[in-house]
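Heads up, the thing below is written out as structure tokens.
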Amino acid sequence: MQPKSKGKKIQSSKFSKKKEFSFPLEKENFMIIGLGILLLVMGYVMMSQNSVDGFIPTVVSPIFLVAGYCVVIPYGIMKKPKVIAAEMKEDSAVAETTSSNVKTS
């Protein structure tokens, strides 16, 4: 019987970088999402008027709701903080300067 050998752990400087976890949304993101929620509340309040033929409940409130649901809230979620965007630029610049062992024809 062969003794069980434990797998070797190969550590390279390339893989030893540990990034600290940070929450992806910052104060600015939450402010934008809050603005979207405010648009939604205003849209629903305007829609709750009793007038069926009114301009505000039939035209303005759906515009507010679509803007809140489809524009402002998704923008607030997808907007990257400036620090992360700068790190991504730096990482892409490093990736462009490194060479590969793969030969292409």
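Coordinate-derived values only; no laboratory data. Since this is a predicted model, take the numbers as computed values, not measurements.
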Margin query: Going by amide H atoms built from the backbone, whose H comes under 5 Å of the H on Glu26, apart from near neighbours?
Written below: none
Notebook entry, point to check: Per-residue HN-Hα couplings for the range 60-70, Karplus 6.51 cos²θ - 1.76 cosθ + 1.60 at θ = phi - 60°, whole Hz, x for Gly and Pro?
Noted result: 6, 5, x, 5, 4, 5, 5, 4, x, 6, 9
